[in-house]
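Quick notes on the structure that follows.
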Amino acid sequence: MLKSILFSAATSALLLATTAHAAAINAVDAFVREVPPGSPATAAFMTLQNTSDTPVRLISADNELTAHSELHNHVEVDGVMQMRQIEQIEVPANGEVNLAPGGLHLMLIGLESPVRKGDEVALTLRFDNGDTLELTAPVRPVMPMSH
Ligand SMILES: [Cu+2]
């Protein structure tokens with residue numbers, strides 16, 4: 001009996017040790033753009049910070065509001081800013097990348113209910129080093145964008 005208790009305690013300690021590795025990526029100042037009722041999509045913005053010595057890439061995301069989340073950037077085409085879906089967003093080693101209105105962003109596509117200031121949206125970010133980051137972003141109004 002004692003032996004099995006000791007064994008299970010040791011197993012638990014081992015599990016804790018393996019899951020408690022330091023995450024390389026932090027997300028700060030995350031927020032989701034307030035959009036008028038009926039909008040088909042909104043966007044999430046944040047600063048991703050990498051505290052490790054190797055670049056880490058954001059490769060996919062989920063959000064609690066819509067079935068689809070896409071990584072987007074803005075590019076200028078013939079003097080007009082357009083959104084483009086991109087494969088990944090790199091966070092440089094010991095550096096950071098800004099997801100901000102008019103630039104990189106996480107697109108939340110397929111809204112079925114309004115997104116209002118004061119709401120909070122749970123986001124899950126997945127990185128190419130195997131890390132997953134869960135965060136909650138408050139909804140805020142943003143100055144009008146080109147899309
Ligand atoms: Cu977009």
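The values are calculated or read from the model by the stated rules, or taken from the named source; none is laboratory data. Since the structure is predicted, the reported quantities are computational estimates derived from the model, not experimental observations. Counting neighbours? That spans all protein chains shown, and the Cβs are built from the backbone with ideal geometry, glycine included.
Is there a residue in segment 46-59 that is within 16 Å of the ligand (Cβ to nearest atom) and either at pLDDT below 95 or assigned to a strand (DSSP E or B) (or both)? Yes, there is a match, as at least one residue in segment 46-59 is within 16 Å of the ligand (Cβ to nearest atom) and either at pLDDT below 95 or assigned to a strand (DSSP E or B) (or both).
Examine segment 36-49 for a residue that is in contact with a Phe, Trp or Tyr (Cβ under 7 Å, 6 or more places away or on another chain), closer than 14 Å to residue 133 by Cα, crowded, with 21+ Cβ neighbours inside 10 Å and among the aliphatic types (A, V, I, L, M), and state whether such a residue exists. No, every residue in segment 36-49 fails to be in contact with a Phe, Trp or Tyr (Cβ under 7 Å, 6 or more places away or on another chain), closer than 14 Å to residue 133 by Cα, crowded, with 21+ Cβ neighbours inside 10 Å and among the aliphatic types (A, V, I, L, M). Each residue in segment 98-130 was checked for being in a strand (DSSP E or B), more than 12 Å from the chain's Cα centre (by Cα) and within 16 Å of the ligand (Cβ to nearest atom), and 2 of them qualify.
Within segment 116-128, residues that are within 17 Å of residue 106 (Cα to Cα) reach partners that are outside any loop (DSSP other than H, G, I, E, B) and basic (Lys, Arg) with beta carbons closer than 8 Å, at six or more positions or on different chains, in the pairs 127/57; 128/57. Against the test of being in contact with a Pro (Cβ under 7 Å, 6 or more places away or on another chain) and either in a strand (DSSP E or B) or on the phi > 0 side of the Ramachandran plot (or both), the options 134, 76, 90, 70 yield a single qualifying residue, 90.
Within the option set 29, 62, being in a strand (DSSP E or B), modelled with pLDDT of 90 or more, over 16 Å from residue 124 (Cβ atoms) and touching a Ser or Thr at 6+ places or on another chain (Cβ under 7 Å) holds for one residue only, 29. Of all residues in segment 62-121, those satisfying the criterion of being surrounded by fewer than 13 Cβ atoms within 10 Å (Cβ to Cβ) and in contact with a Gly (Cβ under 8 Å, 6 or more places away or on another chain) are 67, 68.
If only residues of segment 65-77 that are away from the ligand (no atom under 12 Å from the Cβ) and at pLDDT below 95 are counted, the one that is nearest to residue 97 (Cα to Cα) is 76.
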